[in-house]
1. Using 0.36 nm per residue of separation minus the Cα-Cα distance, give me the extension gain between Asp60 and Ile112 in nm, one decimal.
2. Mind putting a number on the dipole of the chain about its Cα centre? Charges go on the C-beta only, +1 for Lys and Arg and -1 for Asp and Glu, and I need it in Debye to the nearest 20.
3. Using alpha-carbon pairs under 8 Å, 6+ residues apart, how would you state the relative contact order of the chain in percent?
4. First check a/c for the chain, with a ≥ b ≥ c the square roots of the eigenvalues of its C-alpha gyration tensor; if it is under 1.5, answer rounded, and if not, answer prolate when a/b is larger than b/c or oblate otherwise.
5. Tell me the per residue accessible area of the chain using a 1.4 Å probe; a whole number in Å² is fine.
6. Carbon-plus-sulfur fraction of the accessible area of the chain, 1.4 Å probe, in percent?
7. Please report how far the C-alpha centroid of region 15-50 lies from that of region 109-185, rounded to the nearest whole angstrom.
8. Name the residue, out of Leu164, Leu63, Leu136, whose mean-square fluctuation peaks in a Gaussian network model built on the chain with Cα pairs under 10 Å.
Amino acid sequence: AADGYYPSRVAYLRALREGTLPSWEPNASGGWPLVADPYYGYFYPLNFVFYLGPRAGEPDGGLASGIPSGLGYSVALHALLAGVGMFLFLSRRSAGPGRTPLPFFASLLGAISFALSSFLVVRVRHVIFVQMMAWLPFLMAAIDDYVATRRRRSLALCALFTGLLLLSGAHSILHFAALLLAAYA
């Protein structure tokens, strides 16, 4: 996180304050194309948490103030989203013609297990993996709903969650998610 995420967030913030698109960052690693690199998720809407500012008592870090806290906020937000998404997916998963939904506590246990899974906890250092994984249960629930109802709203939700998943920037593990989704769908 310290080598990649913090410098990229500072570079984004500097470019935004200058009123420019951060197309090239010349101040690190001999320069690199920020916007062109999906790894940093420049267009991912929930990355706003990196710019909420420092927490009370945090030392002034200049332009970088609050960005380390933003990493914690992002992980907490996406772990919560992952749990909510998994709860919705599991509680509605078996609901269909002639079937009953999963019990509340079974869905809750599955949601907590997913939100606190070793993959999400260990991947905190790669926040984009946590961000991407948070949207998978929502996408799977939308796929279920579309298959069951064929409503356009469900198809639009599939597109929305796919877009959020792609914008998160975790393209290095996207093939695993694609395999899961292809097999599931």
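1. On the way: separation 52, 0.36 × 52 = 18.72 nm, distance 3.54 nm.
Gain on stretching Asp60 to Ile112: 15.2 nm.
2. Working: 13 positive and 8 negative charges, 150 e Å.
With Lys and Arg at +1 and Asp and Glu at -1, about 720 debye.
3. Values: 232 pairs, mean separation 37.4, N = 185.
It comes to 20 percent, rounded to a whole number.
4. On the way: a/c = 2.61, a/b = 1.88, b/c = 1.39.
Since a/c reaches 1.5 and a/b is larger than b/c, the shape of the chain is classed as prolate.
5. Using a 1.4 Å probe on heavy atoms only, each residue of the chain averages 54 Å².
6. Details: 6770 of 9960 Å².
Heavy-atom surface of the chain belonging to carbon and sulfur, 1.4 Å probe: 68 percent.
7. Using only Cα atoms to place each centre, the spacing works out to 24 Å.
8. In the Gaussian network model the winner is Leu63.
The values are calculated or read from the model by the stated rules, or taken from the named source; none is laboratory data. Note that the coordinates shown come from a computational prediction; the quantities given were computed from them, not determined experimentally. Here Cβ is always computed from backbone atoms with ideal geometry, including for glycine, and neighbour counts include all displayed protein chains. Side chains included, ligands, DNA and RNA excluded: accessible areas come from the protein's heavy atoms. Shrake-Rupley method; radii C 1.70, N 1.55, O 1.52, S 1.80 Å.
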